[in-house]
There are 2 protein chains.
Amino acid sequence: MTENLASWNDGPTKSAIVAFVDKVVAADVPVEERVAVFDADGTLWCEQPVPAEAGFILAKLAEMAEASPERRTRQPWKAAYEHDNAWLGKVITDHYAGDDAGAKLLLSGIGTAFADMDVENFQTQSGTFLRDTMHPTLHQPLVGLTYAPMLELLRHLEANGFSTWIVSGSGSDFMRPVAQEAFGIPTERVIASLSPIEYTAADGGRITRKAQFGFLDDGPQKPVQIWNGVGRRPLLAVGNSNGDTMLEFEPHPGRPSLRLLVNHDDAAREFAYGSGAERALAAASENGWTVVSMKNDFARVF
Amino acid sequence: MTENLASWNDGPTKSAIVAFVDKVVAADVPVEERVAVFDADGTLWCEQPVPAEAGFILAKLAEMAEASPERRTRQPWKAAYEHDNAWLGKVITDHYAGDDAGAKLLLSGIGTAFADMDVENFQTQSGTFLRDTMHPTLHQPLVGLTYAPMLELLRHLEANGFSTWIVSGSGSDFMRPVAQEAFGIPTERVIASLSPIEYTAADGGRITRKAQFGFLDDGPQKPVQIWNGVGRRPLLAVGNSNGDTMLEFEPHPGRPSLRLLVNHDDAAREFAYGSGAERALAAASENGWTVVSMKNDFARVF
């Protein structure tokens with residue numbers, strides 16, 4: 001059955017999506033194998049000017065610098081306090097280029113920012129941040145900056161027996177408090193980066209965050225996390241132009257497969273950005289992935 | 001609604017189960033919070049004389065010793081080749097007593113036994129082992145040695161809106177190939193120990209096991225794994241007399257809660273074993289957990 005896909009313009013991308021789902025149904029693929037995985041930042045919701053979790057962390061670091069002046073001279077607190085997004089941007093660019101010096105500094109700061117916090121308390125804070133923080137240029141709360149065509153695609157898949165999963169580089173305790181309201185996806189289908197947490201038996205059992213950076217569910221870790229969390233190869237994988245190894249992770253031969261790569265080429269309605277896009281678009285062309293042009297394929301964005 | 005619970009004898013245990021589920025429904029607890037977690041070995045299926053995965057590993061180590069005589073003089077291959085279950089038993093006893101020397105030896109052997117094997121191949125081998133291996137005294141294939149009252153409890157919970165999860169110290173790639181047929185639980189609701197695996201992009205993406213021992217989902221790691229995998233505190237937790245930290249991990253105050261501790265006290269129909277049972281039974285008494293006596297509460301075992 002075809003659910004409402006009204007936010008998609010007619011064209012080869014929409015046709016490829018509808019044809020893929022119809023093929024899965026026509027081939028009578030067992031329901032338990034109908035697994036669809038979606039990256040989050042830049043795929044299901046906006047990741048500019050910074051991914052939502054980075055914004056959350058920067059706000060927390062700025063708060064720490066506010067409370068303690070000596071931190072204002074040290075990174076990552078200095079950048080957070082001075083709203084120096086360029087420093088963070090460089091950390092990310094360096095990371096993708098293989099230089100993790102800045103990332104290590106940032107991650108050690110993040111570790112101290114949330115050390116010993118109960119996971120429930122962390123979730124409450126991240127949920128509040130996502131609901132209450134307005135995007136600087138799009139003038140909507142961050143939680144609402146989900147792409148309408150992607151929400152329709154999620155529902156279309158579910159109506160055809162798919163289970164839909166989020167596989168994100170952001171933290172699972174960051175994403176989960178809003179997963180149902182933002183994406184219609186329950187917490188247990190959010191596979192994301194895991195920060196080290198520990199259990200103590202006091203008071204009916206407490207789980208708290210450790211003062212370390214966690215595992216970044218990115219690059220080659222994504223297929224591993226899909227395997228550990230789902231235990232199956234996805235028929236559909238959707239990522240964006242930052243590049244995404246999970247698009248390479250194919251179902252078993254003979255199973256229908258679709259790989260969608262979202263290209264951020266719409267400066268008027270969202271953002272146009274190319275970091276890594278050339279490489280991702282070349283990979284798409286080489287591997288037969290379907291490129292989703294936000295400009296051409298999205299009838300509306302949000 | 002009460003599903004068939006005919007394999008449970010009437011008595012306080014069965015009454016406590018029925019009353020708990022009725023209370024969850026009457027209190028209109030949101031369906032997404034109706035989470036029930038079950039240990040596997042000794043809780044959902046037989047773990048004597050050795051847990052199923054230990055049997056699988058020993059068979060593999062024996063096969064390696066068969067092929068290579070020099071291994072027959074070294075542990076863990078020596079014990080596997082000579083069917084020396086006493087050595088393995090001591091490794092486990094020592095582990096629970098805090099001495100992991102034997103466990104390290106065993107785990108390093110396990111690492112080499114499955115190194116570089118595709119996860120799919122590993123699953124095929126473990127599924128075949130569980131279906132084809134007869135239990136030495138109970139004369140049924142291992143996959144069939146599930147406890148009938150527990151299967152009924154799983155279905156009763158699901159009929160009342162619960163999601164049921166396996167949280168096991170055995171490996172996830174070991175349990176998952178039979179999770180649906182043995183327990184009626186889909187692969188993605190099996191949270192178990194994770195062995196280190198790695199992804200390579202060749203051939204549509206391969207995931208292979210590394211030559212290391214993985215994470216043992218036991219002790220204080222169980223609540224952590226529940227949090228990472230489910231993202232919620234369980235209303236119902238079921239473990240057995242080896243003791244289980246996940247029974248301590250309580251839902252939020254005000255939510256209905258039930259903790260079941262399976263006591264293996266039925267030498268006639270299964271096994272009676274006390275390793276750790278005194279401590280677990282004392283904890284049950286102290287914390288108000290409900291003890292399931294296999295002898296008195298199970299009308300039939302298998």
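For the reader, a short list of remarks on this structure follows.
- Calculated FRET efficiency, residue A:82 to residue B:180, Cβ-Cβ distance, R0 = 56 Å: about 0.55 to the nearest 0.05.
- Helical content of chain A, expressed as a calculated mean residue ellipticity at 222 nm, amounts to -12000 deg cm²/dmol (DSSP H runs of 4 or more residues, -39,500 (n - 2.57) each, divided by residue number, nearest 500).
- Shielding by partners for peptide B:203-209, expressed as the average number of C-beta atoms from other protein chains within 10 Å of each residue's C-beta, is 5.
- Sequence-distant residues sharing a close amide H with residue B:8 (under 5 Å, placed H): B:299
- Unit charges on C-beta of K, R, D, E only; dipole of the range B:81-216, Debye: 180 debye
- Along the range B:77-91 the Karplus relation, 6.51 cos²θ - 1.76 cosθ + 1.60 evaluated at θ = phi - 60°, assigns HN-Hα couplings of 5, 4, 4, 5, 5, 8, 6, 8, 5, 4, 4, 5, x, 5, 4 Hz to successive residues, with x for each Gly and Pro.
- Note on the range B:163-302: with charges restricted to the Cβ of Lys and Arg (+1) and Asp and Glu (-1), its dipole about the Cα centre is near 260 debye.
- Mean separation of Cα contacts under 8 Å (6+ apart) over length of the range B:1-99, as relative contact order %: 12 percent
- Between the range B:230-302 and the range B:178-210, the Cα center-to-center distance that results, in Å: 28 Å
- A Gaussian network model of chain A, with springs between Cα atoms under 10 Å, assigns the largest mean-square fluctuation among A:190, A:31, A:262 to A:31.
- The protein assembly as shown: antiparallel DSSP beta bridges as a percent of all, rounded to 5: 30 percent
- Here the range B:52-114 is assigned +1 on the Cβ of each Lys and Arg and -1 on the Cβ of each Asp and Glu. Its dipole about the Cα centre then comes out at about 140 debye.
- Under-5 Å amide H pairs with residue B:271, H placed in peptide plane, nonlocal only: B:266
- Measuring r between the beta carbons of residue A:59 and residue B:212 and using R0 = 45 Å, the FRET efficiency lands at 0.70.
- Residue A:15-residue B:155 FRET efficiency (beta carbon distance; Förster radius 35 Å; 0.05 resolution): 0.25
- Computed from backbone phi, the HN-Hα couplings of the range A:184-197 come to x, 10, x, 3, 6, 9, 9, 9, 9, 4, 10, 7, x, 10 Hz, rounded to whole numbers (Karplus: 6.51 cos²θ - 1.76 cosθ + 1.60, θ = phi - 60°; Gly and Pro given as x).
- When the pairs A:222/B:210; A:60/A:210; B:78/B:295 are compared against a 28 Å limit on Cα-Cα distance, B:78/B:295 fall above it.
- Size-normalised alpha-carbon gyration radius of chain B, reference 2.2 N^0.38 Å: 1.01
- Helix axis angle, A:101-114 relative to chain A longest principal axis, alpha carbon, degrees: 70 degrees
- 0 to 90° range, to nearest 10: angle between helix B:277-287 axis and chain B longest Cα axis: 30 degrees
- For residue B:169, distant residues with modelled amide H under 5 Å away: B:40, B:41
- Comparing B:28, B:265, B:173 in a Gaussian network model of chain B (Cα springs below 10 Å), the most mobile by mean-square fluctuation is B:28.
- Label-point gap, in nm, between residue B:278 and residue B:93 - each point 7 angstrom along Cα→Cβ: 1.4 nm
- Spin-label model distance (nm) - residue A:267 vs residue B:108, 7 Å beyond Cα toward Cβ: 6.0 nm
- Look at B:175, A:134 and count the other Cβ atoms within 10 Å of each Cβ; fewest to most, that gives A:134, B:175.
- Two-site label geometry, residue B:200 and residue A:25: point separation in nm, points 7 Å out along Cα→Cβ: 4.0 nm
- Remark: the range B:52-114 is approximated by an ellipsoid whose semi-axes, taken from the C-alpha gyration tensor as √(5λ), come to 19, 11, 11 Å, largest first.
- Taking chain A as a Gaussian network of alpha-carbon nodes connected by springs under 10 Å, the highest mean-square fluctuation of the residues A:138, A:106, A:88 belongs to A:138.
- Peptide A:248-257 has a mean shielding of 2, counted as Cβ atoms of other protein chains within 10 Å of each residue's Cβ.
- Within the range B:161-253, the ratio Rg/Rh, alpha carbon atoms throughout and Rh by Kirkwood, equals 1.02.
- In degrees, nearest ten, helix B:148-159 long axis to first principal axis of chain B (Cα): 60 degrees
- In order along the range A:223-234, the phi-based Karplus estimate (6.51 cos²θ - 1.76 cosθ + 1.60, θ = phi - 60°) of 3J(HN,Hα) comes to x, 4, 5, 4, 5, 5, x, 9, x, 9, 7, x Hz; Gly and Pro are listed as x.
- At the listed q of 0.05 Å⁻¹, the Debye profile of the protein assembly as shown, built from one uniform point per Cα, gives log10 I(q)/I(0) equal to -0.24.
- Across peptide A:186-194, the average count of Cβ atoms from other chains found within 10 Å of a residue's Cβ is 4.
Throughout, read-outs are computed from the coordinates displayed, never taken from laboratory work. As the structure is a prediction and not an experimental result, all values here were calculated from the model. Every residue, glycine among them, receives a Cβ derived from its backbone with ideal geometry; neighbour counts consider all protein chains shown.
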